[in-house]
Amino acid sequence: MYLLSGLVAKLEPKLLAELKPGTRIVAHDYGFPKWQPDRTVRISKTYLLYVAPANVAGAWRIDAPTLSMARGRELALDLKQHYQQVSGGVRTQGGFLPAFEARLHGERLHFVLVDDDRSHRFEGTVRGDVIEGVVRYGYGPKLAEEPWRARRVMTVQ
Amino acid sequence: MAAVLCLSALQARAQWPYEAPFVPSPQVVVDEMLRLAEVTKDDFVMDLGSGDGRILITAAVKFGARGIGVDLDETLIYQSEAAAQNAGVAERVQFLRQDLFKTDLSKASVITLYLLQKMNVRLRPHLLALRPGTRIVAHDFDLGDWKPDFKTTVRKNVMLWIVPANIHGHWRLNLPLPGGAQTWELDIRQKYQEVDGVVRVAQQPPGGLWQAQLRGERVSFTLVDSTDRENEAMMYFEGVIKGNVMEGEMRRGVGNKQTRHKWRAERFKP
């Protein structure tokens, strides 16, 4: 799109509501006022790339057997979202594991939990109220992966 | 106990103004440093201020690397050697009691640091003199105005720097263009891995060197073909710098009209 900034701002809610997650929006010179571009390129002019993010905000139940406190049970995963920027973490009885490096690229969600002094790198695909993917842990030649899954129990506006 | 530690730290400081206190890094942060540096069994890791040896021992146990750790504290050196023995990697790692500023770093493919900012900055010229492509990882304390190439936050801030090749100066670029071969001039300025510059084409105003990126000896940048006013084709350059020569491949245009060409540039003035 190549529109003036007022129009771009007006168009934003429509794009976010109607576009499929992962749809790429390219603009030059005038970007969205609050939505940070996923990529910026400067070649004489400024080009901006936005990737329509999936909706992940809300309360989830996560089934991730690699986490030490899971013991076969689901844990509470809370996610907040500002466009493609995600924050939150896993609530446990004893405390809270913050989600590090949380990122959303279209419908691909990525975050890292540190449990038992080890990192667990979660990657998954968001489809409506379900996220499915793999969690990687361990390092070097001993890298291992397991499936994980989450289901949304409450959405947040 | 605390008083004893304090006293010994004070004594150490009196002898050596750049002593950093020994504060062990959490294991997950050590793991992240080595993962960010993509350490493999082919790497030689030098840990400057090796403390209890955990970074180097982790590099050997989990990533299969070899290396040397340097520290001033003799007790920590003994402790590290014992820990390496216990972990079964005593053959692959070595701990030396010596001044890191006087240590030959040229063998390293990866340098790990957990020093105070002041020491990092003092070490910076030594690090910049290393072979282009050498990786440096640190956590918490950065290298001053040399910005990290990659950064990740897992419990703490972990940063990676890649020693950049020297690209500063004036280059003559040989370009095979549809209308015949051309020679353009590139004036490139460099601050660490940050690069900008201009391109000079005969009978044209200077143009920009766009999207320039330098990672070790690998370089990429974009020029606009100003000799063809109608198309103003983008030219995406990628190449490798070896001394006063850089060369590689250039993609001209976009989409299914894109063509590939070899390119080469020679530095004629530093």
Q. Could you give the dipole magnitude of the stretch B:15-162 about its Cα centre, charging the beta-carbon of Lys and Arg +1 and that of Asp and Glu -1, in debye to the nearest 20?
A. 360 debye
Q) Nearest-5 percent of antiparallel DSSP beta bridges in chain B? A) 75 percent
Q) What is the diffusion coefficient of the stretch B:15-162 in µm²/s, taking the Kirkwood radius over Cα pairs and the Stokes-Einstein relation at 10 °C with a viscosity of 1.306 mPa s? A) 106 µm²/s
Q) Normalized C-alpha radius of gyration of the stretch B:78-183, against 2.2 N^0.38 Å? A) 1.51
Q.
I'd like the FRET efficiency for A:I43 and B:N86, computed as 1/(1 + (r/R0)^6) with the beta carbon distance as r and R0 of 45 Å, rounded to 0.05.
A. 0.20
**Q.** Length added when fully stretched, B:K41-B:R200, from 0.36 nm per residue minus Cα-Cα
**A.** 52.7 nm
Q.
Whole angstrom only: what separates the Cα centroid of the stretch B:59-125 from the Cα centroid of the stretch B:142-188?
A. 29 Å
Q: Can you tell me the FRET efficiency between B:Y78 and B:K156 if r is taken as the Cβ-Cβ distance and R0 is 30 Å, rounded to the nearest 0.05?
A: 0.65
Q: Using only C-alpha atoms and all pairs of different ones, pull out the Kirkwood radius for the stretch A:5-51 in Å with one decimal.
A: 11.1 Å
Q. So for the stretch B:55-137, taking the charge dipole from beta-carbon charges (+1 Lys/Arg, -1 Asp/Glu), which of B:A90, B:A108, B:Y78 sits furthest toward the positive end?
A. B:A108
Q: Name the residue, out of B:A165, B:A181, B:A60, whose mean-square fluctuation peaks in a Gaussian network model built on chain B with Cα pairs under 10 Å.
A: B:A181
Q: Quick one: pull the percentage of alpha-carbon pairs in the protein assembly as shown with a separation above 26 Å.
A: 66 percent
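Can you give the convex hull volume of the alpha carbon atoms of the stretch B:173-270 per residue, in Å³?
On the way: hull volume 9.8 nm³, N = 98.
Value for the stretch B:173-270: 100 Å³ per residue.
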Q) In the stretch B:183-264, what GluC sites (Glu not before Pro) fall in a loop by DSSP, with at most 10 other Cβ atoms inside 10 Å? A) B:E230
Q) In whole angstrom, and with the biggest value first, how far do the Cα coordinates of chain A range along each principal axis? A) 54, 37, 23
(Q) Test of understanding: extend the Cα→C-beta vector of B:K107 to 7 Å, then name every residue of the stretch B:19-59 with backbone N under 17 Å from that spot. (A) B:41-50, B:56-57, B:59
Q) Under Stokes-Einstein, with the Kirkwood radius over Cα pairs standing in for Rh, what whole-number D in µm²/s applies to chain B at 4 °C and 1.567 mPa s? A) 62 µm²/s
Q: Please identify, among A:G138, A:G31, A:G22, the residue showing maximal mean-square fluctuation in a Gaussian network model of chain A using a 10 angstrom Cα cutoff.
A: A:G138
Q.
Which of A:R121, A:R42, A:R103 ends up with the largest GNM mean-square fluctuation for chain A, with Cα atoms connected below 10 Å?
A. A:R42
Q. Expressed as cubic angstrom per residue, what is the convex hull volume of the alpha carbon set of the stretch A:99-157?
A. 105 Å³
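FYI, it's all coordinate maths here, none of it is from the lab. Not measured: the values here are computed from a predicted model. Using ideal geometry, Cβ is built from the backbone for each residue, glycine included, and neighbour counts are taken over all protein chains shown.
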